[in-house]
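The next block holds one structure in the form of structure tokens; read it before the comments.
The values are calculated or read from the model by the stated rules, or taken from the named source; none is laboratory data. In this text, all values refer to a predicted model and were calculated from it rather than measured experimentally. Here the Cβ positions follow ideal geometry from the backbone for every residue, glycine too, while neighbour counts run over all protein chains shown.
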Amino acid sequence: MLTAEERDVITGLLGHYTDPRAAVVEALKVVQEHRRWVPDEALPEVGALLGLSAHDVDAVATFYNLIFRQPVGRHVILVCDSVSCWMLGYEDIATALKRRLGIGFGETTPDDRFTLLPICCLGACDKAPAMLIDFELYGDLTPERLDAALGHYA
Amino acid sequence: MRDEDRPLTRNIRPGEPPLDRAGYEEAGGYRALKAVIGRRDPGELLDIVKDSGLRGRGGAGFPTGMKWGFIPMGPDAPKQKYLIVNADEMEPGTFKDRFLLEGDPHQMVEAAIVAAWIIQASDVYIFVRDAYRRATDLLRAALAEAREAGYLGRNILGSGYELEVHLHTSAGRYICGEETALINALEGKRAVPRQKPPFPQSSGLWGRPSVVNNVETLYNIPHIVLRGAEWYRGLGKGADGGTKLFGASGRVKRKGPWELPMGTPLRELLEAHAGGMHDGHGFRGLLPGGASTGFLVDEHLDLPMDFDPIQNAGSRLGTGALIVLDDRTSLMGMLRNLEHFFARESCGWCTPCRDGLPWVERILAAFAAGRGTAEELDILEMHTRFCGMGKTFCAHAPGAIMPLETALKYFRDDFERGLTRAA
Ligand SMILES: Cc1cc2nc3c(=O)[nH]c(=O)nc-3n(C[C@H](O)[C@H](O)[C@H](O)COP(=O)(O)O)c2cc1C
Ligand code: SF4
Ligand code: FES
């Protein structure tokens, strides 16, 4: 199922590693960059390029928070739900986001625009509450400021 | 504080882009690298690091010089040896390594190269969490500039020393910050912790001698080798030498981070630097070093922020990131949030952690809703023992249980109030 381009990029990575296995996270990210998520069918093919079984690849793929094993929308919102953000209004932010988007955590809007996920501390506790949209940091959030942030993403 | 008293952050101007190589060198950067690579004996430099009293800033406070001293040296030592930089920073409440990496990436590069020389490493791996995209981009640019200048790669500055620096971006998981899990992650394996011993210094990445150090720990190194152990020790106010990045979160007026002497009293951090509590909020307690440290309360505020005094008070200095609980935030809600984090981030390898933490979280939810039972209170106590130091494979569970254990000690009334009221 992998495209020629995905294969080329993954094969190209191997030159940077003495052991091809060490490239597995990077290879999964290549797949994710090309199709937003990592489908099951990609695992044996990534494994074949790295000399690993599909199971070995899956053991890594399922371990990480930011390797998506289900389809996600065009933009991924990661809302910090750890303690410093929780103390400064995480719950209001989460409620406002869910209402604004009409979805819950782990879901994608019907127009495929946003996927909403919780994430642990973003190292931005000085700007709590905080979230990432496509890895862009938004801090000192209030429910009122959410619209401006969401408006940047079509 | 004067610039020379804050070696870690003196180049950092928040809100402005960090110094490029030219700017960094103008500010005195890469002087340590030029002074030591190929010129100073690694053993002699190691002694300076040992004498400085530097202790690891990743949370455990292990003496850095002693850690490096376990790396095999000399002609019979393995050719492949690794220095691994731990930039996985995911301890809730902590934002110091991000501040350093985004604020002065060249200092990371210089620190890594100088540290690598001292242990005669063949490669450096910088392990950065995926969410730190800006830090990653800045590091990549700094590494390219350093390579161009001949500070890394083959034959550094004509010394014959060869060093490669690799940047590894992770994909998000707190446990990757545990040093042996991190090594598994770098090898492309599922990032569960490894049994110790063997310690990484004898058998680490691909079975080779390896040292894992925190970002902030390493930022100290160029200054220590240039200015000496005595100067460094003199920066601290108490037993521990040097400065440290401290920060605060919760309902305090200012968050930091601030670079301050080790041994700065907790009260000074809270009142002078954080500016005290928001108006209308009172102080109840704080976790002094991130989510995995125990509560300290009023009676502890005059303690110096050094490793031993905080440990002796039943907590840990951890990352020096204060998480402050005010009198209007629910303690039970906070504990539940903390244990939710630890339960979710457990790697699942051992039972007290994998099964115990979700259980604890459920009980805390009941207490938060005023539906706890006396029996559940006993069960919480039981888990504090099951997850204690030495009962689990790694330090995740002992850290996870520390806030609960200390809350049971200092805030007993909250638990009593969380019990179901008999009609
Ligand atoms: C669950 C867990 C998570 C950890 N996360 C980090 C981390 O994100 N960054 C870090 O430097 N150390 C972290 N540590 C500590 C490391 O295992 C290790 O002690 C540290 O990187 C050593 O560096 P130092 O001696 O310079 O402090 C973590 C430990 C545990 C048990
Ligand atoms: S204590 Fe928790 S995180 Fe550590 S090895 Fe056991 S299950 Fe994994
Ligand atoms: S707790 Fe939310 S960014 Fe740290």
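Would you point out which residue out of B:Ser122, B:Ser170, B:Ser159 is crowded, with 23+ Cβ neighbours inside 10 Å, assigned by TED's automatic domain parsing to the domain that holds B:Val49 and polar (S, T, N, Q)? Outline the logic, then answer.
Values: B:Ser122 fails: crowded, with 23+ Cβ neighbours inside 10 Å; B:Ser159 fails: crowded, with 23+ Cβ neighbours inside 10 Å.
Going through B:Ser122, B:Ser170, B:Ser159 in turn, just one is crowded, with 23+ Cβ neighbours inside 10 Å, assigned by TED's automatic domain parsing to the domain that holds B:Val49 and polar (S, T, N, Q): B:Ser170.
Being within 16 Å of ligand 1 (Cβ to nearest atom) and within 14 Å of chain A (Cβ to nearest Cβ) narrows it down to one residue among B:Ile84, B:Ile71; which is it?
Working: B:Ile71 fails: within 14 Å of chain A (Cβ to nearest Cβ).
Answer to the check: B:Ile84.
So, A:Ala59, is that one within 16 Å of ligand 2 (Cβ to nearest atom) and aliphatic (A, V, I, L, M) or not?
Working: within 16 Å of ligand 2 (Cβ to nearest atom): yes; aliphatic (A, V, I, L, M): yes.
In short, yes.
All but one of (1) of a type outside the set (Phe, Trp, Tyr); (2) modelled with pLDDT of 95 or more; (3) out of contact with any strand residue (DSSP E or B) (no Cβ under 8 Å at 6 or more places or on another chain) hold for B:Pro403, so report the exception by its number.
Going through (1) of a type outside the set (Phe, Trp, Tyr); (2) modelled with pLDDT of 95 or more; (3) out of contact with any strand residue (DSSP E or B) (no Cβ under 8 Å at 6 or more places or on another chain) one by one, B:Pro403 breaks only (3).
Only one of these is in contact with a Pro (Cβ under 8 Å, 6 or more places away or on another chain), outside any loop (DSSP other than H, G, I, E, B) and free of Cβ contacts under 8 Å to residues at least 60 places away in the same chain: A:Val57, A:Val76, A:Val46. Name it. Explain how you work it out, then say what you get.
Values: A:Val76 fails: in contact with a Pro (Cβ under 8 Å, 6 or more places away or on another chain); A:Val46 fails: in contact with a Pro (Cβ under 8 Å, 6 or more places away or on another chain).
Going through A:Val57, A:Val76, A:Val46 in turn, just one is in contact with a Pro (Cβ under 8 Å, 6 or more places away or on another chain), outside any loop (DSSP other than H, G, I, E, B) and free of Cβ contacts under 8 Å to residues at least 60 places away in the same chain: A:Val57.
When you scan segment B:26-39, do you find a residue that is modelled with pLDDT under 95, surrounded by fewer than 16 Cβ atoms within 10 Å (Cβ to Cβ) and either touching a His at 6+ places or on another chain (Cβ under 8 Å) or within 21 Å of B:Arg227 (Cβ to Cβ) (or both), even just one? Don't jump to the end; show me each part of the working.
Kept after step one, since they are modelled with pLDDT under 95, are these residues of segment B:26-39: none.
Within segment B:26-39, none of the residues are modelled with pLDDT under 95, surrounded by fewer than 16 Cβ atoms within 10 Å (Cβ to Cβ) and either touching a His at 6+ places or on another chain (Cβ under 8 Å) or within 21 Å of B:Arg227 (Cβ to Cβ) (or both).
Within segment B:245-261, can one find any residue that is surrounded by fewer than 19 Cβ atoms within 10 Å (Cβ to Cβ) and over 29 Å from B:Thr384 (Cα atoms)? Explain how you work it out, then say what you get.
The first filter runs over segment B:245-261 and keeps only residues surrounded by fewer than 19 Cβ atoms within 10 Å (Cβ to Cβ), leaving B:253-254.
If we keep only those that are over 29 Å from B:Thr384 (Cα atoms) too, we end up with B:253-254.
Scanning segment B:245-261 turns up at least one residue that is surrounded by fewer than 19 Cβ atoms within 10 Å (Cβ to Cβ) and over 29 Å from B:Thr384 (Cα atoms).
Looking only at segment B:34-59, count how many residues are touching a Leu at 6+ places or on another chain (Cβ under 8 Å) and assigned to a helix (DSSP H, G or I).
3
Could you please tell me which pairs satisfy a Cβ distance under 9 Å, a separation of 6+ or placement on different chains, a first residue in segment B:255-274 that is at positive phi, and a second residue that is outside any strand (DSSP E or B) and of a type in the set (Phe, Trp, Tyr)?
B:Gly256/B:Phe95; B:Gly256/B:Phe99
Check B:Val297 against each of (1) surrounded by fewer than 20 Cβ atoms within 10 Å (Cβ to Cβ); (2) in the same structural domain as B:His106 (by TED's automatic domain parsing); (3) aliphatic (A, V, I, L, M); (4) closer than 23 Å to B:Gly93 by Cα and name the one condition it does not meet.
For B:Val297, the exception is condition (2).
So the check is Cβ under 6 Å with 6+ separation or different chains; which pairs have a first residue in segment B:332-347 that's at the interface with another protein chain (Cβ under 9 Å from one of its Cβ atoms) and a second one that's hydroxyl-bearing (Ser, Thr, Tyr) and within 14 Å of ligand 1 (Cβ to nearest atom)?
B:Phe341/A:Ser82; B:Glu345/B:Tyr174
Yes/no matrix, rows are residues, columns are (1) touching a residue at least 60 places away in the same chain (Cβ under 8 Å); (2) within 16 Å of ligand 1 (Cβ to nearest atom); (3) touching a Cys at 6+ places or on another chain (Cβ under 8 Å):
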{"residue": "A:Ser84", "(1), (2), (3)": "no, yes, yes"}
{"residue": "A:Cys125", "(1), (2), (3)": "no, yes, yes"}
{"residue": "A:Phe135", "(1), (2), (3)": "no, no, no"}
{"residue": "A:Tyr153", "(1), (2), (3)": "yes, no, no"}
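Just give me the residues in segment A:100-123 being touching a residue at least 24 places away in the same chain (Cβ under 8 Å) and either within 20 Å of B:Phe95 (Cβ to Cβ) or of a type in the set (Val, Ile, Thr) (or both), in sequence order.
Of everything in segment A:100-123, those that are touching a residue at least 24 places away in the same chain (Cβ under 8 Å) and either within 20 Å of B:Phe95 (Cβ to Cβ) or of a type in the set (Val, Ile, Thr) (or both) turn out to be A:Thr108, A:Thr109, A:Thr115, A:Pro118, A:Ile119, A:Cys120, A:Cys121, A:Leu122.
Yes or no: B:Asp41 more than 16 Å from ligand 2 (Cβ to nearest atom), outside the structural domain of B:Leu322 (by TED's automatic domain parsing), over 26 Å from B:Ala321 (Cβ atoms) and without any contact (Cβ under 8 Å) to a residue 60 or more places away in the chain? Don't jump to the end; show me each part of the working.
Working: more than 16 Å from ligand 2 (Cβ to nearest atom): yes; outside the structural domain of B:Leu322 (by TED's automatic domain parsing): yes; over 26 Å from B:Ala321 (Cβ atoms): yes; without any contact (Cβ under 8 Å) to a residue 60 or more places away in the chain: yes.
When the stated conditions are applied, B:Asp41 passes them.
Kindly indicate the residue of segment B:87-104 that is more than 16 Å from ligand 2 (Cβ to nearest atom), assigned to a loop (DSSP other than H, G, I, E, B) and facing chain A (nearest Cβ under 10 Å) and also farthest from B:Tyr125 (Cα to Cα) among those meeting that condition.
The residue in question is B:Gly93.
Would you be able to say whether some residue in segment A:103-117 is hydrophobic (A, V, I, L, M, F, W, C), within 16 Å of ligand 1 (Cβ to nearest atom) and at pLDDT 95 or above? Outline the logic, then answer.
First pass over segment A:103-117, keeping only residues hydrophobic (A, V, I, L, M, F, W, C): A:103, A:105, A:114, A:116-117.
Filter once more, so that each one left must be within 16 Å of ligand 1 (Cβ to nearest atom): none.
For segment A:103-117, residues hydrophobic (A, V, I, L, M, F, W, C), within 16 Å of ligand 1 (Cβ to nearest atom) and at pLDDT 95 or above: absent.
What strands (runs of 3 or more DSSP E) completely inside segment A:89-154 contain at least 2 residues that are within 14 Å of another protein chain (Cβ to nearest Cβ), under 19 Å from B:Tyr174 (Cβ atoms) and over 16 Å from the mean Cα position of the chain (by Cα)?
On the way: elements: A:114-119, A:131-133, A:136-138.
Passing ranges: none, list empty.
Could you list, in sequence order, all residues of segment B:313-352 that are small (Gly, Ala, Ser), within 24 Å of B:Gly58 (Cα to Cα) and in a helix (DSSP H, G or I)? Give the steps one after another, and end with the answer.
If we filter segment B:313-352 for residues that are small (Gly, Ala, Ser), which is where we start, we get B:313-315, B:318, B:320-321, B:330, B:333, B:343, B:346, B:348.
Right, trim to within 24 Å of B:Gly58 (Cα to Cα) and you get B:313-315, B:318, B:320-321, B:343, B:346, B:348.
Across segment B:313-352, the qualifying residue is only B:Ala343.
Filter segment B:380-398 for residues that are in a helix (DSSP H, G or I) and near ligand 2 (Cβ under 9 Å from one of its atoms); which is nearest to the other protein chains (Cβ to nearest Cβ)?
Of everything passing the filter in segment B:380-398, B:His396 is nearest to the other protein chains (Cβ to nearest Cβ).
Tell me, yes or no, whether segment B:188-201 has at least one residue that is out of contact with any Cys (no Cβ under 9 Å at 6 or more places or on another chain), away from chain A (no Cβ under 14 Å) and crowded, with 22+ Cβ neighbours inside 10 Å.
So far as segment B:188-201 goes, yes, one or more of its residues are out of contact with any Cys (no Cβ under 9 Å at 6 or more places or on another chain), away from chain A (no Cβ under 14 Å) and crowded, with 22+ Cβ neighbours inside 10 Å.
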